[in-house]
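Peer 1: Just dropping this structure here.
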Amino acid sequence: MSSPERYRVLALSAAKHDYVPLAFKDHPRFQVVGVSDEPSAAGWVHECNEQLAADLGVPYEPGVDAAIARHSPDVAVVSSEAARHAQLSVRAANAGLHVVQDKPMAPAVADCDAIVEAVERAGVRFLLWNRNTQPAIEEARRIVHAGEIGEPRAIHVDFFFCKDAGVLLNSDEPEEIPDSWLSEGELTVEGIYPLAYMRHILGLDALRAFGRASAHFFRRHAERGVEDIATVSLEMERGVIGSLCSGRIGRPSHANIGELRVHVVGSTGALVVAEPRPEVAVHTRGLAPEDDRNRRTDQETDRRQVDHFVTALDTGGDTLLNARHGRHIVATVRAALESARTGRSCEVSRPS
Amino acid sequence: MIRLALVGCGRNAPALVAAAAESDHCQLAVAVDIDPQAAGSVARAANSMRHVGDLESLLASGSAEVDAVIVNTPNDSHADIALAAIAAGRHVLVEKPLALSADAADEVRRQANRTDVRLMVAHTLRFMPANVQVHRALAAGELGKPGMLRSHRWLRRFPGPPGGWKHDPARSGGLCLHEAVHEIDQALWLIDERPTHVHALAAPELLQIHLGYASGAMAICGIATGLPLGDGYYSLTLIGSLGAAYADDHHNVHLVYRGGRPQAALTDLRASAVRAQLDEFARAIVEERDPSVSGADAVAALQIAEAAAASVASGQTAHLTENGYVLA
């Protein structure tokens, strides 16, 4: 069967972020045909969805089944609250739609298993949105795969976002973050990115994890019992050692977006890359403290990810981060957090 | 001016000779090595100071020509030489590790305390200029409460023949005692808390130590010893509740163009660290105070290094109990 000239995209919710559906907006091989969601979604979610529909210039139509029937989409882009990811992705796969989904894949491994089962049974492609097409990450992958540093022996990723999340611990100031703010923890939500780097650069999975995690900065994280920093040691396939440092470390803690780095040690050499580079520093009067001084020079990262996805659709090939890989990342995060709770290393679960 | 005997004229000796030559607080007086060629070479480099074949004779002679001894020999001789110097009433600066076990190190510490000599251990990372800045920022309260320490240290492959002492864990103590005591001491220095959890992983020429603390702080340190000959790499990130510090080569690299791909070049500040360390030792002697890196610090680092070695061997995590670290 020949590929369509343009794949039709239905955005299913934009509760957390809009960058995933917006990445498809102007791509010549995709046409966003609508935005939909469950009618029972929270009021603020409907407001987000309406805004996304306006930005995309398409209608917002609550009622997922009706929207699918009306628009006959090929692809669903799921960007809801994390707790509804699995429900929406499974529903889309069951309807025969390819799925692009925002992170985290799902809070629980069982939900990821349901997604894996649904997309594989339906024979559709699944892409878990990631940052693997950042130029520095692609360069690290190229160097490793070219054998320039020999056999990989260790990979270490730092993934520190210098964003705030309300007032600091032990502060008397009133909370800035509303009660409806639903952070599941930094490693839980953001861990996909550094773990996807590891997968992309080395092509290896983690087998066991030892983790430490704590709410070190922000009152809201402490109140919710979730981590804002975490460290993870990983025993990986082929005897490779991995480590991951992750955190939301506060705006004053870095000059730019944060310290996002990858270190790889091989048998004959080693490499260090910083994900935001290449970048340009722009300093002007009038910049607010929260404004970034450095700007990335590569503006095509999302475009390359979408290009890769369309190739997967056209050829039936694999996506940059498929459902099984995404499921393993969630299992690795869960093992690390379980380890942090028990003080002992934990095996990363495999699908039954 | 503190007069020093340098015992062990091997690979680190030139750095110590250079540091002593620039110091206003100490000077090298005697070079000691069982290899007369090595001792002679170092002696010539240090303005033709005297050189002898063994420390025992020097100390037994009751010579007043040295006030203190630098122990720069293979790891398995550190404790014995330090004890001999202490017994002779000489102050001692010992290369790390102080001994090949925490118990043996504690015996050296006890003897130094008993005889009131100054004992310092060369945990040189505390004197690296970049780390000094991080510690100052922390001590001034600029970073708030330490939350996460992340470090990488990549070294070129151990030089020398495969049969050399560094390649023999029975003589070097293995990576945990020979190298990781640096990172462990650094963590103790910066986080100022004894870790409750020690989990370590190893691969060929690699070691990773993961520390957890009752306060919620955490540290993860990687050491690689298999880089090709050339410069190493160092990186330290300390994240506190109010800010973060990044002290590493990746932020401070220069580029050199000679055709082909540009090459990274680093400003080597190790010499100033060795000099600062030597000066601190000499000043502690003159001021009759404990040096900033004490025998107790070295014992604490070795206890954690032993826990890390046990973690590597067993695959388990060492937990701090009333009886020290226990695998579980």
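Values quoted throughout were computed directly from the atomic coordinates according to the rules given, and no laboratory measurement underlies them. Computed from a predicted model, the values in this text were never measured in an experiment. Counting neighbours? That spans all protein chains shown, and the Cβs are built from the backbone with ideal geometry, glycine included.
Peer 1: So, by mean Cβ neighbours within 10 angstrom, what's the order for A:208-214, A:330-336 with the highest one leading?
Peer 2: Top of the packing list down: A:330-336, A:208-214.
Peer 1: Then there's this: Would you please put A:318-325, B:195-202 in order of how densely packed they are, using the mean number of other Cβ atoms within 10 angstrom per residue and starting with the highest?
Peer 2: Ranked by mean Cβ neighbours within 10 Å, highest first: B:195-202, A:318-325.
Peer 1: Determine the shielding of peptide A:212-220 by partner chains: average, over its residues, the number of Cβ atoms on other chains within 10 angstrom of each Cβ.
Peer 2: 5
Peer 1: Among B:Leu266, B:Leu211, B:Leu100, which one moves the most in a GNM of chain B with springs linking Cα atoms closer than 10 Å?
Peer 2: B:Leu266
Peer 1: Compute the helix-to-body angle for B:180-191: its Cα long axis versus the longest principal axis of chain B, expressed 0 to 90° and rounded to tens.
Peer 2: With both axes taken from Cα atoms, the answer is about 70 degrees.
Peer 1: Next up: Using only Cα atoms, locate the centre of the stretch B:77-133 and the centre of the stretch B:1-68, then give the distance between them in Å, rounded to an integer.
Peer 2: 17 Å
Peer 1: Taking K and R as +1 and D and E as -1, what net charge do the other residues with C-beta under 9 Å from the C-beta of A:Ala230 add up to?
Peer 2: Counting the neighbours of A:Ala230, the net charge comes to -2.
Peer 1: If you take every residue apart from B:Ala15 with its C-beta less than 10 Å away from the C-beta of B:Ala15, what net charge results, scoring Lys and Arg +1 and Asp and Glu -1? Each step should come with its number before you reach the end.
Peer 2: Values: positive: B:Arg11, B:Arg270, B:Arg275; negative: none.
So the surrounding residues net to +3.
Peer 1: In whole angstrom, how far apart do the alpha carbon centroids of the stretch A:142-166 and the stretch A:74-138 sit?
Peer 2: That distance is 24 Å.
Peer 1: To the nearest 20 debye, what charge dipole does chain A have about its Cα centre, counting +1 at the Cβ of each Lys and Arg and -1 at the Cβ of each Asp and Glu? Before the final figure, lay out the partial values.
Peer 2: Details: 39 positive and 51 negative charges, 175 e Å.
It comes to approximately 840 debye.
Peer 1: Note the angle between two axes, namely the Cα long axis of helix B:270-286 and the longest principal axis of the Cα atoms of chain B, as a number of degrees from 0 to 90, rounded to the nearest 10.
Peer 2: 60 degrees
Peer 1: Angle between the Cα long axis of helix B:129-139 and the longest principal axis of chain B, 0 to 90 degrees, nearest 10?
Peer 2: Roughly 60 degrees, rounded to the nearest 10.
Peer 1: For the protein assembly as shown, give me the percentage of DSSP beta bridges that are antiparallel, rounded to the nearest 5 percent. List each step's numbers first, then the result.
Peer 2: Values: 69 of 126 bridges.
Bridges in the protein assembly as shown are about 55 percent antiparallel.
Peer 1: Additional query: Can you bin the stretch A:157-297 into rounded, prolate or oblate? Criterion: square roots of the alpha carbon gyration tensor eigenvalues sorted a ≥ b ≥ c, rounded for a/c under 1.5, prolate for a/b above b/c, oblate for the rest.
Peer 2: oblate
Peer 1: Check every DSSP H run in chain A and write down those whose alpha carbon atoms cover 18 angstrom or more along the long axis and whose mean Kyte-Doolittle hydropathy is -0.5 or greater. Please report the intermediate quantities before stating the final value.
Peer 2: Details: long enough: A:43-56 (20 Å, -0.29); A:109-122 (20 Å, 0.59); A:301-315 (21 Å, -0.77); A:323-342 (28 Å, -0.24).
Membrane-span-like by this criterion, though nothing is claimed about a membrane: A:43-56, A:109-122, A:323-342.
Peer 1: Other chains near B:204-210: what is the mean number of their Cβ atoms within 10 Å of each residue's Cβ?
Peer 2: 5
Peer 1: Can you give the charge dipole size of the protein assembly as shown about its Cα centre, rounded to the nearest 20 debye, using +1 on the beta carbon of Lys and Arg and -1 on the beta carbon of Asp and Glu?
Peer 2: About 1120 debye.
Peer 1: What does the net charge come to around A:Val64 if you take all other residues with beta carbon closer than 12 Å to its beta carbon, with K and R at +1 and D and E at -1?
Peer 2: -1
Peer 1: What longest range of chain B stays clear of loop-exposed GluC sites (Glu not before Pro) (DSSP non-H/G/I/E/B, at most 15 other C-beta within 10 angstrom)?
Peer 2: Longest gap between qualifying sites, sites excluded: B:194-286.
Peer 1: Using +1 on the beta carbon of Lys and Arg, -1 on that of Asp and Glu, and nothing else charged, what's the dipole of the stretch A:7-124 about the Cα centre, debye to 20?
Peer 2: Rounded to the nearest 20 debye, it is 260 debye.
Peer 1: Just want the ordering: B:Tyr257, A:Tyr19, from fewest to most Cβ atoms lying within 10 Å of their own Cβ.
Peer 2: Result, fewest neighbours first: B:Tyr257, A:Tyr19.
Peer 1: Still on this structure: Per residue of A:339-347, count partner chain C-beta atoms within 10 Å of its C-beta, then hand back the mean as an integer.
Peer 2: Mean inter-chain Cβ contacts per residue within 10 Å come to 3.
Peer 1: For the stretch A:7-124, build the charge dipole from Cβ charges (+1 Lys, Arg; -1 Asp, Glu) around the Cα centre, then report which of A:Ser13, A:His46, A:Gly96 sits farthest towards its positive end.
Peer 2: After comparing all options, I get A:Gly96.
Peer 1: Please arrange B:Leu238, A:Leu168 by counting, for each residue, the other beta carbons lying within 10 Å of its beta carbon, fewest first.
Peer 2: Working: B:Leu238 26, A:Leu168 16.
So the residues, fewest neighbours to most, are A:Leu168, B:Leu238.
Peer 1: To make sure I understand the rule: partners must be lysines, Cα under 20 Å from the Cα of B:Lys166, and not fewer than 8 residues away in the same chain. Which ones qualify?
Peer 2: Counting by Cα, and skipping residues close in sequence, B:Lys166 has these lysines nearby: B:Lys96.
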